Amino acid sequence: VNSEFVELVGYDRETILGSRPSLIKDDEAVERAEHQLGQLLSSDGPETLQFEVAVQPRDGEPILCQDHMGVLPYEGECFDGSVGVLRDITEQREREETLRTVKRQYQTLVENFPDGAVFLYNRDLQVVRAGGSELTAAGLSPEAVEGSTPRDRYPPDISEELVDYIERALAGERNTFEQAYGGEQYQIRTVPVRAETGEISHAMAVSTNISEQREHVRELNRERERYTTLFETLPNPVLHARAEQGEPVVQTVNQAFVDTFGRDDGAIVGEPLSEHILSESNEEGADQFDQSVLDGEGFRTEVQRETVDGMRTFQLSLRPRDIEGGHAEVYAVYTDITERIEYEQELELRNERLDEFASIVSHDLRNPLTVAKGRLELARESSESRENDHLARAVDAVDRSQALIDDLLTLARGEREVTRVEPLSLAEIARQSWQ
């Protein structure tokens, strides 16, 4: 034995020499080797034999070897011996098994590709393997397209472009392109496929129907255009901000913001939002404001801001937008309430004046009416005028005037409603009024 054999089996040379084959082989392997040797010794047998055998080293797992056996020359009529050459093929078999597994997985993937159709082309541009969900959806079997070329299946404008990319893949390029066919839009990826030797032997084309995806993109673009149009034409000044590193930062502003405050995107984009929506008097609340935005909470307050037309009062509304589970964006919308505030202040002043006026008028009217009522009561108490009907009616009129003053004063102060709605007979009211 040579030193490589000694190293392979792990026994020293003295132990190996003179030993039986059972030292490194099991009974079945020994029996098989004797049978192989019998074939070699037969008159019509081969000169050499090559087979696989498991060799059990002194330590460790069995080693798969390739055994190349031959006989030594005869001396006279006696058999002299044989020679065997062992080669460790464990790693080779593992690579082969791995390759077979990969090929099986590859075949399974091609046949059941879930997101399109797969075609494997040889250098003659023929399909040697095909599969995938799109192929099945089109009612085609792999056998129906195998052996065909792109020129057999597609019109010239489609096939020539596909052939060009397949040839590029056979030259080592990877490419992705799109084609429209049969009213559908497809994305096609072409890649080179290398043989075990490392040389490019095939080109793979993976076709995916992206019609729905393209329509979704078009609809998304339309939505963006509508959003942009709305954002730009909104009469209210608006800022759009996004949270970056824990702080809302201005992304863009609309035209109304530019027209109102005289500041465009270039002046404030990228700066903290709180610096551009709160007035100087509100700066102490900037931290609370930022935290409310980051927590995704709505925020509404009144602020005074210097505009191109002077100081104005706005109602500021912050509307966070939830993105991927986090409140990452916010829109700050200004509503000019200057006129409303001024109107409310003017209305309050008018109400104060009306209340004051009503109080003065009621006081000035009550005094003469009280005097008149007192004089009438004195007149009725005299014997000659006690039953005077005219005095009685005059007293009733004074009482009613005082009641009207009370009601008018209550109405002016807004304390309660002094009238109620109920059904009345028009004819009866007309007769009473005539009387």
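If we keep just the residues of the range 243-254 that are at pLDDT 80 or above and in a strand (DSSP E or B), which is farthest from the chain's Cα centre (by Cα)? Per the criteria, the residue is VAL253. For the range 210-237, the tally of residues that are closer than 23 Å to PHE314 by Cα, part of a helix (DSSP H, G or I) and not aliphatic (A, V, I, L, M) stands at 3. Go through the range 196-224 and give me each residue that's closer than 15 Å to ARG129 by Cα and not hydroxyl-bearing (Ser, Thr, Tyr). Scanning the range 196-224 gives HIS202, ALA203, MET204, ALA205, VAL206.
Whenever a residue of the range 403-422 is closer than 17 Å to LEU369 by Cβ and β-branched (Val, Ile, Thr), its partners that are surrounded by 14 or more Cβ atoms within 10 Å (Cβ to Cβ) and at pLDDT below 75, lying with C-beta atoms within less than 6 angstrom and at least six residues away or across chains, give the pairs ILE405/SER362.
Residue pairs whose Cβ atoms lie under 6 Å apart, separated by 6 or more positions or on different chains, with the first residue in the range 207-222 and touching a residue at least 60 places away in the same chain (Cβ under 8 Å) and the second open to solvent by less than 60 Å² (accessible area, probe 1.4 Å) and not charged (D, E, K, R), are SER207/GLY116; SER207/ALA117; SER207/TYR186; SER207/ILE188; THR208/GLY116; THR208/GLN187; ASN209/TYR186.
In the range 188-199, the residue that is modelled with the lowest pLDDT out of those that are surrounded by 15 or more Cβ atoms within 10 Å (Cβ to Cβ) and of a type outside the set (Lys, Arg) is VAL193. Residues that are surrounded by fewer than 14 Cβ atoms within 10 Å (Cβ to Cβ) and β-branched (Val, Ile, Thr) were ranked within the range 361-381; the one that is nearest to ASP406 (Cα to Cα) is THR370.
Annotation for the range 225-233: at least one member residue is open to solvent by 50 Å² or more (accessible area, probe 1.4 Å) and in contact with a helix residue (DSSP H, G or I) (Cβ under 6 Å, 6 or more places away or on another chain). For the range 126-147, a tally of residues being over 37 Å from the mean Cα position of the chain (by Cα) and open to solvent by less than 20 Å² (accessible area, probe 1.4 Å) returns 2. Summed over the range 36-74, residues that are without any contact (Cβ under 8 Å) to a residue 12 or more places away in the chain, over 17 Å from ARG87 (Cα atoms) and open to solvent by 80 Å² or more (accessible area, probe 1.4 Å) total 4. Of all residues in the range 373-381, one or more are in contact with a helix residue (DSSP H, G or I) (Cβ under 9 Å, 6 or more places away or on another chain), modelled with pLDDT under 75 and assigned to a helix (DSSP H, G or I). The single condition among (1) touching a Lys or Arg at 6+ places or on another chain (Cβ under 8 Å); (2) at positive phi that GLY18 does not meet is (1).
The values are calculated or read from the model by the stated rules, or taken from the named source; none is laboratory data. Not measured: the values here are computed from a predicted model. All Cβ positions, glycine included, derive from the backbone under ideal geometry; neighbour counts span all protein chains shown. All accessible areas refer to the heavy atoms of the entire protein, side chains included, with ligands and DNA or RNA removed. Shrake-Rupley method; radii C 1.70, N 1.55, O 1.52, S 1.80 Å.
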